[in-house]
Amino acid sequence: MATQPAPTVQFPTKKPFIRRFGRDTSQRTRHIVQELFLLLNGWLGIQFYLWARFYERGGAGLSVQRPAGVEGWLPIAGLMNTKYLLVTGSVPAIHPAAMYLFIGFMLMSILLKKAFCSCSARWGHSRNFCGASDGVSLAGIFAFPSGSMFHCER
């Protein structure tokens, strides 16, 4: 039997290395933007709490306007509206789109076996923040078994 030479494999060429001039401030900028969003959401949460308490107390107390930014928490509204739909049998008048998105994501997860947000929604951010690089332990303090819902393969 004669042997044939193996075909040559063409590897993609590397991009040329480009050195940055000056300091890289992208991470600092990213952290500042994240902290500003955290402050904004905290402020919106406090204002929404005060708005809700005003109406819970029958108009007594501090009157504030309903914050428009509270729409950012639509996934929670979607869950609440889905419960409302299941209990009453009617589609809620406020934020029905959030409910339909929530139901769509749930159906996608169940029927197609595709997770929406995957590991990051479960606890991936905490794992990354605490430095767990193996995907199993939380900074060496607690380890999730490999079959649990919190275990993520990388």
Determine, for each peptide in 26-37, 75-86, 6-17, the mean count of other beta carbons within 10 angstrom over its residues, then list the peptides with the highest first. 75-86, 26-37, 6-17
Just tell me which lysines come within less than 24 Å, Cα to Cα, of residue 113; anything on the same chain fewer than 8 places away is out. 83
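Would you kindly state how much longer the chain becomes between residue 103 and residue 88 on full extension, computed as 0.36 nm times their sequence separation minus their alpha carbon distance, in nm to one decimal? Mind dumping the intermediate values first?
Working: separation 15, 0.36 × 15 = 5.40 nm, distance 1.63 nm.
Extra length available between residue 103 and residue 88 comes to 3.8 nm.
Values quoted throughout were computed directly from the atomic coordinates according to the rules given, and no laboratory measurement underlies them. This is a predicted model, so every value here is computed, not measured. Counting neighbours? That spans all protein chains shown, and the Cβs are built from the backbone with ideal geometry, glycine included.
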